[in-house]
Each structure stands twice: as C-alpha cells, then as structure tokens.
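The values are calculated or read from the model by the stated rules, or taken from the named source; none is laboratory data. All of these numbers come straight from a predicted model, not from anything done at the bench. Cβ sites come from the backbone with ideal geometry, for glycine too, and all protein chains shown count toward neighbours.
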Amino acid sequence: MTTRPTKLIVDCSTGIAQELELTDEEMAQRELDAIEWAERQAAQQAADNALAALKTSAKAKLVAGEPLTEEEAATIVL
Amino acid sequence: MPVTFTKIQVTTLGSAQASFDFQNIPATYTDLVLKLSVRSTSATNWANIGINGGSTTAVNLKHLLNFSGTIISQAYDYFRSPANGVAASTDTFSNGEIYLTNYAGANNKTMIGDGVQTSNNAGDIEIQLAGFRWPFTAAINRLTITCDSGSNWAANSSASLYGIKKD
C-alpha cells in the first residue's frame with residue numbers, strides 16, 4: 001500500500017499543527033503541477049540550447065569575417 | 001507611530017511535507033510578513049503560494065529576476081518565491097520574504113517579495129525582486145505554500161509568519 005504525501009496544516013488561531021494526507025483533489029493538482037513543470041523545463045532547455053547555438057554560430061562567423069544574421073547579431077549586441 | 005513585529009507561527013519541518021498551510025490567520029494586524037527557507041526533495045525553482053485556498057496563479061506578478069546571470073523583467077500571473085531544489089548545494093535552503101500590505105482590508109491586496117536560491121555555483125544564483133497584486137477584496141486568512149514541481153519540501157525547510165501592527 002502506497003502512503004500518500006502529507007501536508008502540514010497550522011491553525012494560526014490556536015497554534016495547533018497537524019499532518020494530514022493530501023486529498024484526491026490535491027493529489028490531482030500535484031500531478032498537474034509536475035507535468036506543467038516538466039513542460040516548462042523542456043521549453044526553457046530548448047530556448048537555452050537555441051540561444052547557445054546562435055552564439056556559437058555568431059562567434060564562428062565573426063572569426064571567419066562572414067556576415068551575421070539578425071538573430072546572431074542580437075546575441076552579441078546590447 | 002509604534003510598530004510591533006509579532007511572531008504568529010514559525011514552522012520547521014521534521015519530515016518531508018507536500019505543503020505548509022497557514023489557516024485562520026487572525027485579522028488583527030495591519031500587515032503580514034511571510035519568510036521562507038525551503039528546499040525541495042526533487043528539482044524545483046519556486047515556492048508557489050495560494051491565498052485563501054485559491055489558485056497560485058490568481059495573482060498578478062511583475063518581477064525582476066537574475067536568472068543565471070541574465071536580468072529578466074517579466075509580468076505574469078503567479079504568487080511565488082524562489083526555492084532550492086536538489087540541484088542546489090547539499091543541505092542549502094533558499095531564503096525569501098513576502099510583505100503583505102493591508103492583508104485584512106477591503107481593497108485589492110498588494111505584496112512585495114524578494115528572495116534568492118542559494119548555491120555554491122557562482123553562475124547559477126537566481127534572485128527575485130517582485131511586486132504582486134491579488135485582485136480580490138476579501139481578507140487574507142490562509143496561505144498555502146507548495147512546490148512548483150509538485151514535489152515535497154525537505155525536512156528542515158521552514159515557513160514563518162509574522163504580524164505587523166501599526167498603532
């Protein structure tokens with residue numbers, strides 16, 4: 001039997017804290033959060049990789065004296 | 001103008017938990033201060049904060065973010081503070097503070113937050129300075145802090161709530 005994650009509830013009017021298992025709704029939200037987080041991470045990684053590739057290409061063209069594309073120039077011009 | 005800074009609750013986790021959930025926050029103060037020192041048990045970037053049991057995206061956010069050396073200015077809908085994940089140095093915890101102004105008043109609520117992920121990696125320090133607006137008029141009486149990746153907060157993570165009272 002799998003144990004559900006728990007949450008810490010603190011009643012600020014009494015100071016009483018208790019650990020309770022997550023509800024079905026909270027479990028569903030948690031799974032959704034994990035999926036969305038993974039999608040955001042993948043999108044960020046793809047953007048980082050694309051930027052790194054542009055910088056590498058821009059550097060190589062600068063060294064070779066070749067013209068840069070606008071995207072490449074944007075990676076090195078403030 | 002006397003000002004008091006009163007501890008409402010200070011909570012440090014003895015074991016991993018999915019969330020901190022401060023309920024029945026008294027309306028007797030002028031402002032609230034939430035301080036977070038957290039670390040996730042898996043990868044993560046943020047501690048998301050829900051107000052009154054609502055969505056963590058029901059807040060307008062404008063922030064400046066140092067993301068691995070790049071300064072970013074963004075506006076979107078999230079109420080959050082930086083959090084350490086497992087990629088951060090062992091046993092390190094983020095630190096963040098959010099000041100909630102007139103949290104029990106009848107207007108929309110505005111908050112300011114600052115925070116930083118902590119790391120030994122000089123190239124990967126993420127810092128946030130943010131302004132938030134919760135577009136509702138109800139008094140804030142509950143704050144729920146969850147991990148944006150749907151994982152748990154590690155043992156020794158802590159969340160502290162203070163009340164500011166201006167006489």
Given (1) modelled with pLDDT of 90 or more; (2) farther than 19 Å from A:Gln41 by Cβ, index of the condition B:Asn60 fails: (1)
Filter pass, B:Phe20 being surrounded by fewer than 19 Cβ atoms within 10 Å (Cβ to Cβ), of a type in the set (Phe, Trp, Tyr) and more than 23 Å from B:Asn108 (Cβ to Cβ): no
For B:Asp148: the one exception among (1) surrounded by 15 or more Cβ atoms within 10 Å (Cβ to Cβ); (2) closer than 22 Å to B:Gly54 by Cβ; (3) more than 13 Å from the chain's Cα centre (by Cα); (4) in contact (Cβ under 8 Å) with a residue 24 or more places away in the chain: (3)
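Mind checking which residues of region A:34-51 are among the small types (Gly, Ala, Ser) and exposed (fewer than 13 other Cβ atoms within 10 Å of the Cβ)?
First, pick out the residues of region A:34-51 that are among the small types (Gly, Ala, Ser): A:34, A:38, A:42-43, A:46-47, A:50.
If the condition is that a residue be among the small types (Gly, Ala, Ser) and exposed (fewer than 13 other Cβ atoms within 10 Å of the Cβ), then A:Ala42, A:Ala43, A:Ala46, A:Ala47, A:Ala50 are the ones that fit.
Please work out which residue is farthest from B:Leu13 (Cα to Cα), limiting yourself to region B:78-107 and to residues that are charged (D, E, K, R) and surrounded by 14 or more Cβ atoms within 10 Å (Cβ to Cβ).
In the first step, residues of region B:78-107 are kept if they are charged (D, E, K, R); the result is B:80, B:91, B:97.
Adding the requirement that they be surrounded by 14 or more Cβ atoms within 10 Å (Cβ to Cβ) leaves B:80, B:97.
Numbers: B:Arg80: 20, B:Glu97: 18 Å.
My answer is B:Arg80.
Quick grid of which residues meet (1) modelled with pLDDT of 85 or more; (2) among the polar types (S, T, N, Q); (3) in contact with a Lys or Arg (Cβ under 6 Å, 6 or more places away or on another chain):
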position	(1), (2), (3)
B:Val10	yes, no, no
B:Leu13	yes, no, no
B:Thr28	yes, yes, no
B:Val33	yes, no, no
B:Asn52	yes, yes, yes
B:Leu65	no, no, no
B:Gly69	no, no, no
Sole exception among (1) loosely packed, with under 10 Cβ neighbours inside 10 Å; (2) not in a helix (DSSP H, G or I) for A:Lys7, by number: (1)
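Looking only at residues that are within 11 Å of B:Ala154 (Cα to Cα) and in contact with a strand residue (DSSP E or B) (Cβ under 8 Å, 6 or more places away or on another chain) in region B:1-14, which one is nearest to the other protein chains (Cβ to nearest Cβ)?
Initially, region B:1-14 is screened for residues within 11 Å of B:Ala154 (Cα to Cα), giving B:12-14.
Checking the rest, the ones that are also in contact with a strand residue (DSSP E or B) (Cβ under 8 Å, 6 or more places away or on another chain) come to B:12-13.
Details: B:Thr12: 10, B:Leu13: 7 Å.
The selected residue is B:Leu13.
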Count of residues meeting criterion [charged (D, E, K, R) and either more than 8 Å from chain B (Cβ to nearest Cβ) or farther than 17 Å from B:Gln17 by Cβ (or both)] in region A:1-30: 4
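Look through region B:103-148, keep the residues that are of a type in the set (Ser, Thr, Tyr) and at pLDDT below 90, and return whichever of them is farthest from B:Thr30 (Cα to Cα). Outline the logic, then answer.
Let us first name the residues in region B:103-148 that are of a type in the set (Ser, Thr, Tyr), namely B:103, B:110, B:118-119, B:137, B:144, B:146.
Still in the running and at pLDDT below 90: B:118-119.
On the way: B:Thr118: 31, B:Ser119: 35 Å.
Here the answer is B:Ser119.
Looking at this structure, is B:Ile25 of a type in the set (A, V, I, L, M), farther than 21 Å from B:Val116 by Cα and in a loop (DSSP other than H, G, I, E, B)?
yes
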Residue, farthest from the other protein chains (Cβ to nearest Cβ), within region B:30-55, restricted to residues that are buried (at least 22 other Cβ atoms within 10 Å of the Cβ) and part of a loop (DSSP other than H, G, I, E, B): B:Val38
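Regarding A:Ile16, is this residue of a type in the set (Val, Ile, Thr) and surrounded by fewer than 14 Cβ atoms within 10 Å (Cβ to Cβ)?
On the way: of a type in the set (Val, Ile, Thr): yes; surrounded by fewer than 14 Cβ atoms within 10 Å (Cβ to Cβ): yes.
Here the answer is yes, as A:Ile16 does meet what is asked.
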